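Laboratory data are not the source of any read-out in this text; all were calculated from the coordinates shown. Bear in mind that the values here come from a model prediction, so they are computed numbers and not experimental data. Counting neighbours? That spans all protein chains shown, and the Cβs are built from the backbone with ideal geometry, glycine included.
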Amino acid sequence: MPLAVKVPREKGEEVRRKLIELGLFNRDYRIGREGDYLLIPVVEPVEGFETVEVELEPVRRRPHSYQEVVRVPKELRPSLPSSFDIVGDIAIIELPEELVPYGKEIGRAIMEVHRHIRAVFAKGGKVGGEFRVRPLIHLAGEKKTETIHRENGIRLKLDIAKVYFSPRLATERRRIFERTQPGEVVFDMFAGVGPFSILLAKKAKLVFACDINPWAVKYLDENKRLNKIPNVVPVLGDVRKVAGQIKADRVIMNLPGHARAFLKEAMLSVRDGGVIHYYGFSPEEDLFGKHEEAIRDVAEELGLEVEFLDRRRIRNYAPRQYNVAIDFRVYVRSPQVQ
Ligand SMILES: C[S@@+](CC[C@H](N)C(=O)[O-])C[C@H]1O[C@@H](n2cnc3c(N)ncnc32)[C@H](O)[C@@H]1O
């Protein structure tokens, strides 16, 4: 039974404040009443007060995290992931092997705490294939994979089972938006459902948005309408076929696993003095060196010059492995004067 100090009602507020200050107030129970007295819950007997054991109504506090309500064996609790991705009204969690048998319970707990979540999936493997799509395992809620995600003031309709999308890049996309100048022509080489393209088109004159995945281009088209953005030109197909036909002020290369293989296409698609945003994966011990070397080599091959503008770690995607960004400007080399 909980403990409470019994104080005359008129002293109640003063005593409550004092108990909070002393760290003795017990927030798990509501303050009770007994005639002209208040029963203020405390964590231990308090000197100078009459302390009683009494029935008090427990406070129904809304849990803040799924970990507070999930039912898994005690020894597995330290393995519970502290976070998960939310795409629209769908949660996607990465479960360590030992928690896989408790996947459905974890899904249920996520839905109990996050009331706007309609479906929960576990990552069923790595992002793979040409479309960079991830296998998913349904854990709880509706078996739906289509949703509308909001970020940076735009709405993105997408199907998490058919296209690539990561909500973790929202800050990076914002950063590129801030660097974009009004009137620019942008070439988004690996556009997906358009999180860069739709956002940048709010400032740019025109955005060419290419993707090889027909589902991505279908959603990109829908997202143009959803956000009332007319100046995005969706291009379905291999970017190698379009590169060089466009001369953009700004090129975005968001295919981090393979970006090096497309550097030539990117450099052929940027105007003299234009900027390329390159994304790659790197181990902690060499975040930028290998990528910058590849950038210099391709520029040399094409007779171009590069000026590195910025380099940054975007996120940690595996232990000691990072998703990095390198921004560089490309110049046509001035002819050598004899
Ligand atoms: C990592 S995702 C990035 C999507 C998007 N930029 C975003 O931030 O969500 C890479 C995208 O490149 C597309 N892709 C892969 N190879 C391609 C190619 N050769 N030509 C055009 N698109 C390609 C994939 O279908 C995928 O949608």
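Of all residues being among the β-branched types (Val, Ile, Thr) and away from the ligand (no atom under 12 Å from the Cβ) in segment 208-250, which is farthest from ALA266 (Cα to Cα)? Just the residue, please.
So the first thing to find is which residues in segment 208-250 are among the β-branched types (Val, Ile, Thr), and the list is 212, 217, 229, 232-233, 235, 239, 242, 246.
Imposing the further condition that a residue be away from the ligand (no atom under 12 Å from the Cβ) reduces the set to 229, 232-233, 246.
Details: ILE229: 24, VAL232: 18, VAL233: 17, ILE246: 10 Å.
Here the answer is ILE229.
Of the numbered criteria (1) more than 15 Å from the ligand (Cβ to nearest atom); (2) free of Cβ contacts under 8 Å to residues at least 40 places away in the same chain; (3) more than 23 Å from the chain's Cα centre (by Cα); (4) assigned to a loop (DSSP other than H, G, I, E, B), the one LEU287 fails is (3). Based on what the data block shows, is GLU222 surrounded by 19 or more Cβ atoms within 10 Å (Cβ to Cβ), touching a Lys or Arg at 6+ places or on another chain (Cβ under 8 Å) and outside any strand (DSSP E or B)? It is false that GLU222 is surrounded by 19 or more Cβ atoms within 10 Å (Cβ to Cβ), touching a Lys or Arg at 6+ places or on another chain (Cβ under 8 Å) and outside any strand (DSSP E or B).
Is one or more of the residues making up segment 124-145 under 26 Å from PRO63 (Cβ atoms) and among the hydroxyl-bearing types (Ser, Thr, Tyr)? Scanning segment 124-145 turns up no residue that is under 26 Å from PRO63 (Cβ atoms) and among the hydroxyl-bearing types (Ser, Thr, Tyr).
Within segment 226-269, which residues are surrounded by fewer than 20 Cβ atoms within 10 Å (Cβ to Cβ), among the β-branched types (Val, Ile, Thr) and either on the phi > 0 side of the Ramachandran plot or part of a loop (DSSP other than H, G, I, E, B) (or both)? ILE229, the sole residue that qualifies.
Is there a residue in segment 193-202 that is more than 10 Å from the ligand (Cβ to nearest atom), of a type outside the set (A, V, I, L, M, F, W, C) and not in a strand (DSSP E or B)? Checking segment 193-202: at least one residue is more than 10 Å from the ligand (Cβ to nearest atom), of a type outside the set (A, V, I, L, M, F, W, C) and not in a strand (DSSP E or B). Would you check if there is a residue in segment 169-192 being more than 12 Å from the ligand (Cβ to nearest atom), part of a loop (DSSP other than H, G, I, E, B) and among the hydroxyl-bearing types (Ser, Thr, Tyr)? Yes; the residues of segment 169-192 include at least one that is more than 12 Å from the ligand (Cβ to nearest atom), part of a loop (DSSP other than H, G, I, E, B) and among the hydroxyl-bearing types (Ser, Thr, Tyr).
Confirm whether ILE295 is buried (at least 16 other Cβ atoms within 10 Å of the Cβ), under 16 Å from MET253 (Cβ atoms) and touching an Asp or Glu at 6+ places or on another chain (Cβ under 6 Å). When the stated conditions are applied, ILE295 does not pass them.
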